[in-house]
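See below for the structure under consideration.
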Amino acid sequence: MMMKKISAFVLATLMLLTLAFGAFAENPIDGGWSESASHTLTPEQKDIATKALADLAGTNYTPVAYIASQVVSGTNHCILCTALSEDSDDPASYALVTIYQSLDGNTDVLDIFDCDAPAGMPDLLGGWQAPETPELTEAAKTALDKALKDTKDTAVRPMLLLATQLVSGTNYSIFCEVTESGAAPAYEILHVYESLDGAAEITDAYGFLPSNG
């Protein structure tokens with residue numbers, strides 16, 4: 001019963017995500033988005049993000065993973081960042097940022113899509129802990145596979161491990177490509193709980209929506 005409720009929630013979230021981010025998950029085509037073979041940021045990619053995001057007021061964005069690129073007259077970069085508001089005590093969350101880099105190296109932020117999933121908080125006891133790199137681990141993939149074993153009509157492809165949380169068992173925060181039957185792929189963050197006896201379930205699903213800023 002719990003799995004049916006969670007699956008319905010994931011599907012409802014997906015309907016919003018498809019409208020906003022389906023284009024990023026398409027297979028690479030001429031002029032289309034191409035997913036990065038490695039999602040660990042290179043120094044050059046970090047510099048691009050830091051340069052583009054430096055002048056944004058109100059929120060501090062920190063790049064954590066490189067998602068995809070698109071060749072235009074220059075290059076568009078899709079980068080996953082943590083987002084921390086300067087004006088409130090809200091914990092850090094996530095955002096997908098699209099950055100345009102011109103042929104002469106200038107950068108500009110084109111779009112920001114916010115996500116309410118909590119980001120890693122390494123200094124908080126019992127909080128979410130971000131790994132050194134966002135590359136998916138076998139343990140996280142196995143937990144998600146077990147949680148999805150009864151899910152139908154929705155394909156979930158895990159891409160990144162964003163954070164873990166040790167409780168009575170382990171919580172995983174996983175960035176995924178989710179495809180509902182008949183719909184375009186979209187991105188979301190799933191939280192998976194794996195108990196000490198090895199049982200697993202999806203506890204939360206977070207979508208990306210256009211920033212109000």
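Every number in this text was worked out from the coordinates using simple rules, so none of it is lab data. Just so it is clear, the structure is predicted and the values come from calculations on it, not from any experiment. Here the Cβ is made from the backbone with ideal geometry for all residues, glycine too, and neighbour counts use every protein chain on show.
List every residue whose amide H lies under 5 Å from the amide H of VAL64, counting only residues 5 or more places away in sequence or on a different chain, with H placed 1.01 Å from N in the peptide plane.
LEU80, CYS81, THR82
Are there GluC sites (Glu not before Pro) in region 108-213 that DSSP puts in a loop and that have at most 13 other Cβ atoms within 10 Å, and which ones? If you can, show how the numbers build up before the last one.
Details: sites: GLU132, GLU135, GLU138, GLU177, GLU180, GLU188, GLU194, GLU201; in loops: GLU132.
Those that pass, being in a loop and sparsely packed, are GLU132.
So if R0 is 35 Å, what FRET efficiency would THR62 and LEU196 give, r being the distance between their Cβ atoms, rounded to the nearest 0.05? Spell out each step's value before the answer.
Values: r = 33 Å, r/R0 = 0.93.
Using R0 = 35 Å, I get an efficiency of 0.60.
What FRET efficiency comes out for GLU132 versus SER181 if R0 is 41 angstrom and r is the Cβ-Cβ distance? Round to the nearest 0.05. Show your work: numbers first, answer last.
Values: r = 36 Å, r/R0 = 0.89.
It comes out at approximately 0.65.
Around ASP116, which amide H atoms from residues at least 5 apart in sequence, or from another chain, sit under 5 Å from its own amide H, with H modelled in the peptide plane?
GLY207
Classify region 32-170 as rounded, prolate or oblate from the Cα gyration tensor: take a ≥ b ≥ c as the square roots of its eigenvalues, call it rounded if a/c is under 1.5, otherwise prolate when a/b beats b/c and oblate if not. All intermediate terms of the calculation are to be shown ahead of the outcome.
Values: a/c = 2.16, a/b = 1.36, b/c = 1.59.
The shape class here is oblate.
Would you mind putting 82-89, 49-56 in packing order, based on average other-beta-carbon counts within 10 Å, highest first? Before the final figure, lay out each step's value.
On the way: 82-89: 12.5, 49-56: 16.0.
Result, highest mean first: 49-56, 82-89.
Just to confirm the filter: which trypsin sites (Lys or Arg not before Pro) across region 82-172 are DSSP coil and have at most 16 other Cβ within 10 angstrom of their Cβ? Intermediate values should be presented prior to the final figure.
Working: sites: LYS141, LYS146, LYS149, LYS152; in loops: LYS149, LYS152.
Qualifying residues, ordered by number: LYS149, LYS152.
Across region 132-145, in residue order, what do the Karplus-derived ³J(HN,Hα) couplings come to in whole Hz, using 6.51 cos²θ - 1.76 cosθ + 1.60 with θ = phi - 60° and x for Gly and Pro?
5, 10, x, 5, 5, 9, 5, 4, 5, 5, 5, 4, 5, 4
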